Amino acid sequence: MIDRDEGVLAHIRGSHERYLDELKALIAIPSVSANPQHRSDMERCARFLVERMSEIGLRSELLPTEGAPFAYGRYGNDPSKPTVLIYGHYDVQPAEPFDLWRSPPFEGTVRDGNIYGRGSVDDKGQVLMHLAALEAHLRVRGDLPINIIVLVEGEEEIGSPSFERALARHHDLFQADLAIISDTAVYADDTPALTTSVRGLVHWDVRVTGPSEDLHSGYFGGIVRNPIEALAMLIASLKDEQARVLVPRFYEGAPSIDEALEIEIRKLAYDEAASAAELGVPQLWGERGVHPLARMWYRPTLECNGIWGGYQGPGHKTVIPSFACAKLSARLVGAQDPLVVRDAVKRYLLAHAPAGVRVEVEDEGTARAVLIGRDHPAVAAASKAMRRGFGKDPVFIGTGGSITPVGSFDRIYGLPQVLIGVGLPDDRIHAPNEKFSLKQFFGGIETMAMLYDELAESLPARERSAR
Ligand SMILES: [Zn+2]
């Protein structure tokens, strides 16, 4: 067994340059899902992956969706082996502003032990990590220890709008025992991690309307309520001075941080002052008595994401504006029901509408939080694989962000999931100068190669599993 591992690892270690060339070729396709001008690049990128999968020895094809196609690959259909679905995405965030990049965003550039480029770590590099690991198994051993389904979508960065309908449409192609998602980061450079919770998300648009048009503030100042002031009061009324949300039922289903979790969090190195300095704020802020990591991963939030109204050009314009608008969103945890939270906040905003203006609220989004059960054998398998790839046991962390497909796999298929990403916290995903550390990339390939073996040993085969 060890010899066979040596062969796989030797294959991987002898292929680093080629892996980098592949990643560069993938980065060179500007698959920006948010921009319709890149439509043909989406398909080109999906085709690149389909071809790559078929070179490795997977059966692969382009699966149409209502939006960008899926790149789909499959190996094995042996009922005595478990089936594992590997999820990733080939679309990327827009690269603007271009002038802040030190090297062109769509030209993978290696410097200081990193490869720079849009999508290098989110998520092209992490997708290729799996393809490289699968290839190493197939080249060296001629087989895989598990049945594999690879699903790489092209709309993650815009909230995966076509994902669920495409899953339903191709239902029979995605029957698996487990999903592996490599689209997250580790805790720190020297601390590998498994992510065991993902927050949910809901949104609101709030519009406060006053006079039917902007009014001269000299003639009419003093007799109408200013919509900007009314909106500011309304938003400020959502929380108290301790940063607790005052909306009734908002916290329903949100677990408090229990002692075991508290102890686990306190074991992680975390410097509040350093974090504040890095973020450029005079001090951190949030729920009193709750550790900042717990506030980011395991507690809900309610934020104002944008606010506008009135005159914003140069100089001054003395008006009482006709309206003011804001965008709000909440991140959800535990068993918080997105519909309950959506309605509760809407009702609160309408009930607290200041006199003299009209308040309208539109809501959107139903993404629930997902908790990954830590006692699932796949989590132990992933821990072992990470130790072998990075020489250290992983810690358990949450992610404050929301990954739409994680919610879909959970809700539609009830699939257990392992979130095993290897990005670093300072990779600047979504920002200029996104990078992927080569150490993480290559260590990640070894981790994934070992993970398939560990899963083969720890997961029940399909024919034995209750389905
Ligand atoms: Zn991503």
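The values are calculated or read from the model by the stated rules, or taken from the named source; none is laboratory data. Remember, it's a predicted structure, so these values are computed and weren't measured experimentally. Don't worry about glycine lacking a Cβ; one is built from the backbone with ideal geometry, like all the others, and counts go over all protein chains shown.
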Looking only at segment 244-271, which residues are surrounded by fewer than 15 Cβ atoms within 10 Å (Cβ to Cβ) and of a type in the set (A, V, I, L, M)? LEU246, ALA260, ILE263, ALA269
Determine the pairs where a residue that is on the phi > 0 side of the Ramachandran plot, located within segment 233-250, has a partner that is of a type in the set (Asp, Glu) and assigned to a loop (DSSP other than H, G, I, E, B) with Cβ atoms under 7 Å apart, the partner being 6 or more residues away or on another chain. ALA243/GLU287
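Okay, residues lined up against (1) farther than 30 Å from GLY221 by Cα; (2) under 24 Å from the mean Cα position of the chain (by Cα); (3) in the same structural domain as ARG347 (by TED's automatic domain parsing):
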residue	(1), (2), (3)
LEU238	no, no, yes
PHE250	yes, yes, yes
LEU279	yes, yes, no
GLU287	yes, yes, no
The conditions are (1) part of a loop (DSSP other than H, G, I, E, B); (2) closer than 22 Å to LEU85 by Cβ, and ILE223 fails exactly one of them. Which is it? (2)
Output the qualifying pairs, or none if there are none: Cβ atoms under 7 angstrom, residues six or more apart or on different chains, first residue in segment 191-214 and under 21 Å from GLY310 (Cβ atoms) and in contact (Cβ under 8 Å) with a residue 12 or more places away in the chain, second residue assigned to a strand (DSSP E or B) and of a type in the set (Gly, Ala, Ser). VAL206/ALA326; VAL208/ALA324
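Can you tell me which residue in segment 85-99 is nearest to the ligand (Cβ to nearest atom), limited to those that are outside any loop (DSSP other than H, G, I, E, B) and touching an Asp or Glu at 6+ places or on another chain (Cβ under 7 Å)?
HIS89
In this structure, is ALA193 assigned by TED's automatic domain parsing to the domain that holds ILE403 and closer than 30 Å to MET42 by Cα? Talk me through it step by step, then tell me what you get.
On the way: assigned by TED's automatic domain parsing to the domain that holds ILE403: yes; closer than 30 Å to MET42 by Cα: no.
Spelling it out, it is not the case that ALA193 is assigned by TED's automatic domain parsing to the domain that holds ILE403 and closer than 30 Å to MET42 by Cα.
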Please list, ordered by first then second residue, the pairs with beta carbon atoms under 8 Å, 6 or more apart or interchain, first in segment 297-317 and in contact (Cβ under 8 Å) with a residue 24 or more places away in the chain, second of a type in the set (Phe, Trp, Tyr). PRO300/PHE250; PRO300/TYR251; LEU302/PHE250; GLY309/PHE323
